[in-house]
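Peer 1: Handing you this structure, nothing more for now.
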Amino acid sequence: MSESDFDVERIRADFPLLARQVHGKPLVYFDNANTAQKPACVIEAVDRFYRNSNANVARAVHTLGEEATAAYESARDRLARFINAPARDEVVLTSGTTQAINLVAYSHVLPRLQPGDEILVTRMEHHANIVPWQLVAERVGAKVVPAPITQAGELIVEEFVARLSPRVKLAAVAHVSNVLGTVNPVAVLARECRRHGVPLLVDGSQAAPHLAIDVRALGCDFYALTGHKLFGPTGTGMLWAKRAHLEAMPPFFGGGEMIREVRFDGTTFADPPHRFEAGTPNIAGFAGLAAAIDYVNALGIETIAAHEQALLAHARAALGAMPGLRFVGEAPGKAPVISFLVDSAHAHDLATLLDHEGIAVRSGHHCAHPLMQFYGVPATLRASLAFYNTHAEIDRFVAALGRVRGLLA
Ligand code: PLP
């Protein structure tokens, strides 16, 4: 399907929230990298679960218990296929990327970490892919080392590779930067990591809504993603890991659902992935996430990417024509995330004034302090696009930005 055949109005009709007004104006939602809106099929799947099937998972033999378990497990099936995982039981269901990364930090990295060891990340990481590593590193006198990036916002691959010393116990990189939109060359990084015997974790939070993901082709060891950016409910996500890693990992959270037998003289644990899924999960949320993945698959990720790339080109051309506007992040082939600065106007002031025009963009550090430090700015304005956005919305946004910056001049 070409971009001109993409029936965006029909798609928008699937998203009830997109029809609302904000401050008396039709909403333009350009904060998709923060969280995405949900199609009716996701809202209905959550609603249907609570109306018809609400019960706990993997505990009851009654019909509702079986339906609840099936709804929950259906998300594991969808996720495994979505990332082309070799097996569904390599997918651990989590509350999101943050929990997935913490699980790897405490269960995979910490037991292996010695004083002086390193965890290699990049300058462009979200705090969720920095702070968990710092917390475990501090416990043993290890450290987190960032690989540098260029001013354009691209990882300097040779510098990353140069840091893959025997001290590095894990490397962790974003597939797509939430601030810059940069798509990192994960397959190349994974190959280099393998050559140096370093496991690679990929933070796929911002890749999942925009790119086809194939963990086998990427060749990484761990892949994390979050459901709410993928048009699913909050409090859902996953960690995929190679089976050998999962089998070697001790549990991180203890409780119900993750044991084989509990005895006061020694408890034994369930096999992965259930070993890592203690307690009652967000069952309704996972029913919704399964519906979200079906929705995305039905549209087709290539179709989505073609529309988004057309939107990105339009937005960059229109914004680039504005005097005094500076892009932050200009890597070729980037995802539809546009960070920028306007003259001396503060990003928060611009975002507040844009909100009065009905336009939702994010301002701030985007949970990426080290990246802001690199660029020497406290904050950027960020417009992040999804497949339901339109060219007309971009025109409205650019016109509104022109007006509001005038108010601040
Ligand atoms: N990593 C990246 C690149 C992100 O953009 C985000 C969310 O903004 C996260 C991790 C954290 O995701 P969550 O808060 O859903 O766990």
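Peer 1: For region 206-248, what does the alpha-carbon gyration tensor say about shape, rounded, prolate or oblate, given a ≥ b ≥ c as the root eigenvalues, a/c under 1.5 as rounded, and a/b over b/c as prolate?
Peer 2: Cα axes put region 206-248 in the oblate bin.
Peer 1: Roughly what angle does helix 391-408 make with the longest principal axis of the chain, taking Cα atoms, 0 to 90 degrees, to the nearest 10?
Peer 2: Helix 391-408 sits at roughly 70 degrees to that axis.
Peer 1: Any idea of MET124's accessible area? Nearest 10 Å², probe 1.4 Å.
Peer 2: Number for this one is 0 Å².
Peer 1: Give me the dipole magnitude in Debye, nearest 20, for the chain about the Cα centre, with unit charges on the beta carbon: positive for Lys and Arg, negative for Asp and Glu.
Peer 2: On the way: 37 positive and 41 negative charges, 119 e Å.
My answer is approximately 580 debye.
Peer 1: List the residues whose amide H sits under 5 Å from the amide H of LEU170, counting only those 5 or more places along or on another chain, with H placed 1.01 Å from N in the peptide plane.
Peer 2: LEU120
Peer 1: Starting at the first residue of region 227-235, write each ³J(HN,Hα) from the Karplus equation 6.51 cos²θ - 1.76 cosθ + 1.60 with θ = phi - 60°, in whole Hz, x for Gly and Pro.
Peer 2: Residue by residue, region 227-235 yields x, 6, 8, 9, 6, x, x, 5, x Hz.
Peer 1: For the peptides 292-302, 54-64, what is the packing order when you average, over each peptide's residues, the other Cβ atoms within 10 Å and list the highest mean first?
Peer 2: The most tightly packed comes first, giving 292-302, 54-64.
Peer 1: What angle, in degrees between 0 and 90 and rounded to the nearest 10, separates the Cα long axis of helix 301-320 from the longest principal axis of the Cα atoms of the chain?
Peer 2: That works out to roughly 40 degrees.
Peer 1: Can you sort THR97, THR69 by solvent-accessible area, 1.4 Å probe, largest first?
Peer 2: Numbers: THR97 10, THR69 35 Å².
Result of the area sort, largest leading: THR69, THR97.
Peer 1: Still on this structure, I have one more. For the chain, find the longest principal axis of its Cα atoms and tell me its angle to the long axis of helix 63-82, 0 to 90°, nearest 10.
Peer 2: Taking Cα atoms only, the helix is inclined about 60 degrees.
Peer 1: Which FRET efficiency value, to the nearest 0.05, do you get for ARG10 and ALA409 by plugging their Cβ-Cβ distance into 1/(1 + (r/R0)^6) with R0 = 51 Å?
Peer 2: 0.80
Peer 1: Any of LYS242/LYS334; LYS143/LYS334; LYS169/LYS242 with alpha carbons more than 18 Å apart? Name them for me.
Peer 2: Checking Cα-Cα distances, LYS242/LYS334; LYS143/LYS334 exceed 18 Å.
Peer 1: Now, a different point. What is the extension gain from ALA217 to SER344, computed as 0.36 nm multiplied by their sequence separation minus the C-alpha to C-alpha distance, in nm to one decimal?
Peer 2: Separation in residues times 0.36 nm, less the Cα-Cα distance, equals 41.3 nm.
Peer 1: So what is the 222 nm mean residue ellipticity for the chain from helices alone, if each DSSP H run of at least 4 adds -39500 (n - 2.57) and you divide by all residues, rounding to the nearest 500 deg cm²/dmol?
Peer 2: -11000 deg cm²/dmol
Peer 1: Taking LYS38 as the anchor, which aspartates and glutamates have their alpha carbon closer than 12 Å to its alpha carbon, excluding any fewer than eight residues away along the same chain?
Peer 2: Candidates past the 8-residue exclusion: ASP14.
Peer 1: Tell me, what is the percent relative contact order of region 1-76, built from C-alpha pairs under 8 Å that lie six or more residues apart?
Peer 2: So the answer I get is 18 percent.
Peer 1: What shape does region 284-409 have by the C-alpha gyration tensor, where a ≥ b ≥ c are the square roots of the eigenvalues, rounded means a/c under 1.5, and otherwise prolate means a/b greater than b/c and oblate the rest?
Peer 2: Values: a/c = 1.79, a/b = 1.59, b/c = 1.12.
Note, shape of region 284-409 comes out prolate.
Peer 1: Rank by packing, highest mean first: peptides 266-273, 104-111, 354-361, with packing defined as the count of other Cβ atoms within 10 Å averaged across residues.
Peer 2: With the highest mean Cβ count within 10 Å placed first, the list reads 104-111, 354-361, 266-273.
Peer 1: Also: Give me the distance in nm between label points sitting 7 Å out from Cα along the Cα-to-Cβ direction at THR35 and GLU159, one decimal.
Peer 2: 3.5
Peer 1: Please identify, among ALA335, ALA313, ALA128, the residue showing maximal mean-square fluctuation in a Gaussian network model of the chain using a 10 angstrom Cα cutoff.
Peer 2: Checking each option, the largest mean-square fluctuation is seen for ALA313.
Peer 1: Same structure again: What is the extension gain from ALA248 to ASN56, computed as 0.36 nm multiplied by their sequence separation minus the C-alpha to C-alpha distance, in nm to one decimal? Write out the running numbers ahead of the final one.
Peer 2: Details: separation 192, 0.36 × 192 = 69.12 nm, distance 2.82 nm.
Extra length from ALA248 to ASN56 when fully extended: 66.3 nm.
Peer 1: What distance in nm separates the simple spin-label points at ARG263 and ALA313, each placed 7 Å from Cα in the Cβ direction?
Peer 2: Going from the ARG263 label point to the ALA313 one covers 6.7 nm.
Peer 1: Still on this structure: Once amide H atoms are placed 1.01 Å from N in the peptide plane, what residues at a sequence separation of 5 or more from ASP31, or on another chain, have their amide H within under 5 Å of its amide H?
Peer 2: Correct list: SER384.
Peer 1: Defining a contact as two alpha carbons under 8 Å apart and six or more residues distant in sequence, what relative contact order in percent does the chain show?
Peer 2: Normalised by residue count, the contact order of the chain is 23 percent.
Peer 1: Now for a separate question. Among 45-52, 16-23, what's the highest-first ranking by average C-beta atoms within 10 angstrom per residue? Working shown, then result.
Peer 2: Details: 45-52: 16.2, 16-23: 12.4.
Those peptides, ordered most packed to least, come out 45-52, 16-23.
Peer 1: Here's another thing I want to ask about it. Which of PRO332, PRO132, PRO281 ends up with the largest GNM mean-square fluctuation for the chain, with Cα atoms connected below 10 Å?
Peer 2: With Cα springs under 10 Å in the chain, the top fluctuation among PRO332, PRO132, PRO281 is at PRO332.
Peer 1: Next question. With a point put 7 Å past each Cα toward its Cβ, work out how far ALA399 is from HIS369 in nm, to one decimal.
Peer 2: Here the answer is 4.1 nm between the modelled labels.
Peer 1: Shifting gears a bit: For the chain, what class follows from the C-alpha gyration tensor (a ≥ b ≥ c being the square roots of its eigenvalues): rounded when a/c is under 1.5, otherwise prolate if a/b is larger than b/c, else oblate?
Peer 2: Oblate shape, in that a/c is at least 1.5 and b/c is the bigger or equal ratio.
The values are calculated or read from the model by the stated rules, or taken from the named source; none is laboratory data. Quick caveat: nothing in here was measured; it's all calculated off a predicted structure. Virtual Cβ from ideal backbone geometry, glycine too; neighbours counted across all protein chains shown. Surface accessibility is based on the protein's heavy atoms, side chains included, excluding ligands, DNA and RNA. Shrake-Rupley method; radii C 1.70, N 1.55, O 1.52, S 1.80 Å.
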